[in-house]
Each structure stands twice: as C-alpha cells, then as structure tokens.
Amino acid sequence: MWGVRTDLPTGTVTFLFTDIEGSTRLLHELGSEAYAAALLEHRRLVRAACAAYDGVEVDTQGDAFFVAFPTAPGAVLAAARIVEDLRPGPIRLRMGLHTGTPYVTAEGYVGEDVHRAARIAACGHGGQVLVSSATAALLRPGTLPDGLDLRDLGDHRLKDLSAAERIHQLGDDDFAPLKSLHRTNLPVPATPFLGRTRELAEVTDLLSRVDVRLLTLTGPGGTGKSRLALQAAAEVSDRFPGGVFWVPLAPLRDPGLVLATAAAAVGTGEDLRDHIGDKSMLLLLDNFEHLMGATADLHSLMATCPKVVLLVTSRETLRLPGEQAYPVPPLRGDEAVELFAARARAADPHFVPGPTLVLLTERLDRLPLAIELAAARVRVLTMDQLVDRLDRRLDLLKAGRGADPRQQTLRATIEWSHDLLDDEERRLFARLGVFSGGCTLESAERVCDADLDVLESLVDKSLVRVRDGDRFWMLETIREYAVERLRDSAELAELRRRHAEHFLALGEEAAPHLRGSAAARWLDRLDDEHDNVRAALEWFAREQRVDEHLRLAASLVEFWLSRGFLSEGRRILADALAAGDGEPGSRARALDGAAVLAVSAGDTGAARSPAAEALAIHQRLGDEAARAESLWTLGYVAVEDKDWSAAQKAVEESTSIFRRVGDVPSLLGASRTLAWIHHMRGDLDTARRLHEQNLALARGAGHQAVQAAILGSLGNIATEQGRLADAATMLRENQRLVEALGDRTAIVVNLARIARLLALLGERETAAALLACSEEASRTMGGWEAWAGVLNDGTRAMLEGLPQDLWERAARRGVRLAPEDAAREALSVAAQALEPEHRAHGSSGEQC
C-alpha cells in the first residue's frame, strides 16, 4: 500500500493553482507545432519559478498546475515571477493562491482549502494573480518587491457556495470583473457539498442545453434535491447574465404567492414577467410539490420570458409541456461513506470509521438526510449500536405496497431519531413545528416555552439547524414529522393561537419604527418572519378573529411598501376589511393602509374612498395622530388629481398635527410631500427651504433614509436652478447614504438625477450610458419607475444630436453596469468636470 507523500509541505501550506486562458483558441491561432513549443516553454518557466521558492508540484492536469508552498510569501513571489517570465509569450495564465492547513494522504492533499484555491483561480483572467485574504494576511510589509502591491478587489462569493471571500489582486493591472457569483441570493449552506460528481455534471449539462427551460429534480424529501440544485445553479451562473436566484417555497401554502415570492427573491416590486422580460435568468424554485396550483403561472412565465430557465425541486413532476425530469438517486456507496464520516467528524473530531460503516450507510439507503441524522449520534453510540438500533427500526417499518422505499427509510430514520429523544426534547421538537420558515430563540421561548439547553440538544442531534447564528429552522421533511407529532399531542390549537398572537405583537411593535432611524433593522426582522406573519394572518382569518386580522394587516403596510409586496398587501387588507368591522380604530388604520398601498400602486381612484372613511372614523374617535395619516394620504390623492390647492391644504394640516403630537418620522415624511407639492407647482425656493429644514431635523433625529431622500430632492432643485456644483455634492452624499442602506430603489432614481446633471455638464456620452443603466434598472422599481422616467425623458431630450454610434456604444455599456458602479463612476466624471468651478468658487456643500 502506498504511504503518505513525504515530499509535500505540511502544517500551514499555501496552494497555487494555474490555468491557461483560452487554450483552445491559442491552439487554433498558433497551430499545433507552435502551440506545443509555447506550452513546453510555459511549463519550464512555471516549474523554474516555483522551484526557486521551494514550491512542490502536487499535480499537473493538461494545462493546469497545482503547486504547494511552505510559505505564503514564497508562493506570491513565485506567481509574480511567472507573470513576468510569461509576459513576452502568447500564453496568459490565471492564478489563484490560498493558505490553509490541509490533511495529507497517500493521494495528496485533502480538505476545503484545496478546493478554495482552485475556485479562486477559476474566477480570474489571463495574466491575473488572485490572492485570498488568508494568504494576504501572511504577507508582512516589505515582502513584495517595490512597485508590486496587493489590490483589494472586495468580497466575492465563489461557486462552492461558501461565505464571501475577500480577494486581492497582485499588481495594479486592470482586468474584467471576476467570474464569481453575482446577481444571486443563493444561500450559504451550513456544510460543504460532498459527492454527487456524476449527478452535478448531468444536471449542469441539462441546464446548459437550449432546449431545456424547465428542469425538475424529483425524489422524496431528504434525498438531497435542494443541495444538488443549489450547487448546480452556482456552477452555471456564468451562463445567466440576468442572475441566478433561489426561491424557497416550503413555507408557502397559497399557490397564488409563488410568482410574488419569486419577484421578492429577485428584488423587484413589479410583476415578475415584466421584470424578467428577455433577460437570461435562472430561477431555482425549491420545494414546489405542495403548490401545484401555480403550474399555470410558471407556464405563463416561460411563455412571456423566452430566456428564463426554471430549475425546480419537487417530490413529483409538474407535468408541464417541455419539462425535463431528473430523478435524484441515492448517493453512491463511496459518497455515502464520505458524507457520514465528514458529518460524524463534525460531531466528534475523534471519530474513526469502523468496519460496519458501509453496512450502516446501505441500511440507510444512502439517503443524505438519513445519513446526517445517524451521524449526529456518534458521540453517544458506537457504530455497532447505531446499526443494531437502526436495523430494528427499519425492519419494523418496511415499505408498504406502492410506497417509495426511500421515503419509508427516511421516515423510519426520523422516527428513530425522535424515539431517542427524552420527553422534554420530544415536546419542544413537536412545538417547533408551529413555525413557518424558522424562528428566533426569543420566539421559541415565548411561543413554545423553549429551554435553551433543550433547543441546543435538538441542534446537536441534527433535528434543528441554525442559520446566520441566531435563527433556528428545520428541513421541511423533518418539520412535517414535527407537525404530525404536534397534532398527536393535542397542543396544536393552543400553539397556533400563541404563534399568531406573538407575531401580532411583533407586527405592532415594529410598525412605529418602520419610518424611523431603526427602520432597516425592523424591516429586516419582518423579512425574516414573513412566512410566520403570513401564517398568523391566515390563522386570524380562519378563526374569524376580525379585529386581530385588521390590526396585524395594518401594522405591515410600511413593510409591504418597502419590500415590494404591494399586490399581496392590498389583497390581504381587502380580505380583512371585507370580513368584518372589528374595533373602529383597527378598521380605520387598515383603511389607511389600503389607501396608502393603492396610491403607491398608482391606483389613486381606489385610495380615495378608504382614506375618506378612515378620516371620518378618526375624527369621530378624536385620534389626531391617526387623522393626520388620513389627511396625508388624501393629499397624495389630490396631487394625482392635479388639485394642488386641496393637496397643499390637506398635507399642511397633517404636518401641523404631526408636529403637535411629536411624531417626528411622520412629520418628516409629510413635510417632504409638502415640499414636493411646492416643487411641482414651480415654487422651487419654497420647496428648497422646506427640504433644508427637514434635512436639519432628519440629521438631528438620525434618520438616514430620510436624509438621503431629501438630499436627492435638493440635488434635483439645485440642478434645475443651475447650481451644478451644489447638485453634485448633494447627489454624492445621497449616493453614499443609499448604498450604506442597501436601497436599490433610491439608487436607481439617483441614476436618473446624475444623468441629467452630466448632460448639463456636457458629459453627453457618460450621461447616455447612465441613462441606459437607469432605464434598464428602473423597470424593476415598481411605483418609482414613473418618477425616474420623468427625469430620464428630460435627459433624453437634452441628448438629442448625439451621434448614433456614440449613443449605441454608451447604451451597450450602460446596460451592463451595476447601478451602484454606474453611479460612482458618473459622480467621479461630474467631479472632474466641475473641478475648475470648484477652484474658482470653492466648495458649496455647506448648504447640505
């Protein structure tokens, strides 16, 4: 038997991976003889450079080298020498370096660090050397030669779906963006992807075929459909410039919400079909089997969007035309053993596989979830005990006629794990099934009387998982079993009541903060609990708890508005209002919410009646603060009707009330509306004065989102008044704030403002590129699109006369830019254009 390789560096090792860019193209360009000579010379130079810094060649496959170095500086210096030595020749290498502590076997190195180094290299370009943060941290000052530094390229997600990696580039040369994951929300799995080499290749091949637009991975719960789909989506991300997006469907119960949930995952508030259009995009619809009523919507989506590809995981096929089914098989024998060993070592670092491991994985039908559940027990049971206990359970629960044996095995494994729990663990396990989409520790304690130690024990046993450090959740297959146990316990009705009332309390606690300085934190919290909130709304409706239904719906209006759930919010409010009156105050606030959402959706006619009814109730109850909300909404309605006098009167009265009752967030919002009314009426000086007053108030209160919005409005006014330096200063500060807040809607509107400024500064081609970027992105922004469109129409008129070839070139460039990058670049161009004016007049940013 071969032993461990003794020539390989051990301990902390830095890996270098190299690959030739465009080798096939080079072969055709140079011809076989010249290419062979260039390849031979390239190999000589790479080996000489690596040997000079103690590099050990681990493997060579085709054009690629895998070299290990005992020190990080040596690896980086070798890479720098390779670049320099190859510079005169036709071959350009992409190289990646990463440092870790791998395990050495007879075959070489084993461990995640090896894969990470290869992934880093793969996302680079010819002539580019990429360095991980782990390697960069080991480079002391003075390590690199003069003139050679590391350039920080920021955080990038690699296709192994791990957390983002900070990547640096050796040298200052400019290259195309890294081929890392972009335009994606694919989650970071809790554990690395193991095995499935054949299946991954087959699924990625299917996703690459032009005739496959709907690929459904089928199989019972626990077979690893979701994990395989996530990895395949990451692997093919380069082929979908429109993005790759994960849409988790397990918590949904209403098929009508599938497209809305997908739109939210993509990041758009408009109809998903309108947003995608002819973009090349991949949607991963995960856990679809209980939503078969949405298949018609998927068919419509594919018919409307010719370049969208759907990757679906489901326990059954969708039976749609053109569907390609892919039944996910169990793991192969060696893969099942590898998975068990890896998960067992995570539970017990001293785990040593025994002779019964192969038998155990076979008895588990090589199902990933069953293997993970069994592996979690190695801390308390020997391998023989595992086999003995599991054999008895599986023999007892043989598959019945017509049943999928894999499903029966999985159910038996979950039941076996459940039977090993003590009474407290079983009770909490069942109760946790009441949550949709997981829960926080606080929610588990309040709804389920959870004990932290018991909860941690369920995590240790792999029945509960932890996401983002503070969120507990279950795989859907396990949650289904927990719900069955909850029904058996006779606690279901009581737990659902406590669940609904808990999330009503959360909604009402969050509502006052959704316009304030802490809005982003509370919106994120409601985002995390969206599925639980939906379940609470459904429970209140089903139990005919009219008042609570109205209260919870009313508390969510700002959330629905900010996070793009307009259609869903309007439908829920309409159903709640139609179900009964509830308490007058609850009904009035729900009416206010319905009116606000109607205005935001551009349906002003539908806003007038509920706003007027709400105002009448508030007046009858003597609720001044609530009356101000209704007046504010009626002011919006009047604006849409171009009734400026009525609009101004209503909003002035609302601001007066907000000021009197001390509601600063609402006062800032209504005052901005009042300034906007003056702006639309042509009174720019009054609009500017009101905005500047509001800006001082917003800064004093720490409301960054409001500050950003006011700065954008002031930048608009400055542009219209010809104060271009002021406009640039304000828009630059606006951009800094909205990027920090992650507000893509505001960023897109800012693009339109900056494009107009550039056109006035004579930077016509850059303005055209920004205009194209804004128009491309604004289609995703729902109600904001009209405002961005007004600005863009004016800019387009200003650019008349730009030569067609320049316009087309600028447009091609603009649609490829990310909005944030486009805004930063454009503001830099504006600053350069204004530099003489700044020298002559000094900075005029004090007005901001």
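The values are calculated or read from the model by the stated rules, or taken from the named source; none is laboratory data. Given the structure is predicted, the values throughout are model-derived calculations rather than measurements. Heads up, the Cβs are rebuilt from the backbone with ideal geometry, glycines too, and the neighbour counts pull from every protein chain shown. To get the accessible areas, we keep the full protein, side chains included, count just its heavy atoms, and leave off ligands, DNA and RNA. Shrake-Rupley method; radii C 1.70, N 1.55, O 1.52, S 1.80 Å.
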Report whether or not Arg25 is modelled with pLDDT of 90 or more and exposed (fewer than 14 other Cβ atoms within 10 Å of the Cβ).
no
Members of region 101-124 found to be at pLDDT 85 or above, in a loop (DSSP other than H, G, I, E, B) and buried (at least 18 other Cβ atoms within 10 Å of the Cβ), listed by number:
Cys123, Gly124
So which residues in region 38-48 are surrounded by 13 or more Cβ atoms within 10 Å (Cβ to Cβ) and more than 21 Å from Val114 (Cβ to Cβ), if there are any at all?
Ala38, Leu39, Glu41, His42, Arg43, Leu45, Ala48
Every listed condition ((1) small (Gly, Ala, Ser); (2) open to solvent by 10 Å² or more (accessible area, probe 1.4 Å); (3) assigned to a helix (DSSP H, G or I); (4) over 29 Å from Ala818 (Cβ atoms)) holds for Ala294 save (2)
Please work out which residue is surrounded by the most Cβ atoms within 10 Å (Cβ to Cβ), limiting yourself to region 333-356 and to residues that are under 22 Å from Leu463 (Cβ atoms) and over 32 Å from the mean Cα position of the chain (by Cα).
Phe351
For region 540-555, give me each residue that is open to solvent by less than 20 Å² (accessible area, probe 1.4 Å) and touching a residue at least 40 places away in the same chain (Cβ under 8 Å).
Phe540, Leu550, Leu552, Ala553, Ser555
Could you go through region 484-501 and let me know if any residue there is in contact with a Leu (Cβ under 9 Å, 6 or more places away or on another chain), open to solvent by less than 20 Å² (accessible area, probe 1.4 Å) and within 25 Å of Pro187 (Cβ to Cβ).
no
Under 9 Å between Cβ atoms, which residue pairs at least 6 apart in sequence (or on different chains) link something in region 131-158 that is without any contact (Cβ under 8 Å) to a residue 24 or more places away in the chain with a partner that is assigned to a strand (DSSP E or B) and surrounded by fewer than 19 Cβ atoms within 10 Å (Cβ to Cβ)?
Asp152/Arg166; Gly154/Arg166; Asp155/Arg166
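Would you call Glu558 touching a residue at least 40 places away in the same chain (Cβ under 8 Å), closer than 25 Å to Arg498 by Cβ and either of a type in the set (Lys, Arg) or open to solvent by less than 70 Å² (accessible area, probe 1.4 Å) (or both)?
no
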Please verify whether Asp793 is open to solvent by 50 Å² or more (accessible area, probe 1.4 Å), within 30 Å of Ala263 (Cβ to Cβ), at pLDDT 80 or above and in a helix (DSSP H, G or I), treating the condition exactly as stated.
no
Answer yes if at least one residue in region 80-96 is within 34 Å of the chain's Cα centre (by Cα) and among the β-branched types (Val, Ile, Thr), and no otherwise.
no
Among the residues of region 648-660, how many are within 39 Å of the chain's Cα centre (by Cα) and surrounded by 20 or more Cβ atoms within 10 Å (Cβ to Cβ)?
4
Selected residue (only one of Asp726, Asp663, Asp685 is open to solvent by less than 30 Å² (accessible area, probe 1.4 Å) and acidic (Asp, Glu))
Asp726
Those residues of region 689-710 which are more than 18 Å from Arg736 (Cα to Cα) and buried (at least 22 other Cβ atoms within 10 Å of the Cβ) amount to Leu690, His691, Asn694
Pairing a residue in region 315-332 that is open to solvent by 70 Å² or more (accessible area, probe 1.4 Å) with any residue that is in a strand (DSSP E or B) and at pLDDT 90 or above, where Cβ atoms lie under 9 Å and the two sit 6 or more apart in sequence or on different chains, gives Glu316/Thr216; Pro321/Leu214; Pro327/Leu217
Look through Leu86, Leu97 and report the one residue that is in contact with a His (Cβ under 7 Å, 6 or more places away or on another chain), farther than 12 Å from Asp19 by Cα, hydrophobic (A, V, I, L, M, F, W, C) and open to solvent by less than 30 Å² (accessible area, probe 1.4 Å).
Leu86
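Can Ala264 be described as of a type in the set (A, V, I, L, M, F, W, C), in contact with a Lys or Arg (Cβ under 6 Å, 6 or more places away or on another chain) and either at pLDDT 90 or above or open to solvent by less than 50 Å² (accessible area, probe 1.4 Å) (or both)?
no
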In region 177-190, what residues are open to solvent by 60 Å² or more (accessible area, probe 1.4 Å) and without any contact (Cβ under 8 Å) to a residue 60 or more places away in the chain?
Pro177, Lys179, Val188
Residues that are of a type in the set (Val, Ile, Thr), free of Cβ contacts under 8 Å to residues at least 60 places away in the same chain and farther than 30 Å from Ala709 by Cα, at least 2 per element: which helices (runs of 4 or more DSSP H) completely within region 423-537 meet that?
452-460
Region 617-647, residues that are closer than 19 Å to Leu573 by Cα, among the aliphatic types (A, V, I, L, M) and over 37 Å from the mean Cα position of the chain (by Cα):
Ile617
State all residues of region 566-595 that are of a type in the set (Lys, Arg) and either open to solvent by 60 Å² or more (accessible area, probe 1.4 Å) or part of a loop (DSSP other than H, G, I, E, B) (or both); if no residue qualifies, say none.
Arg570, Arg571, Arg589
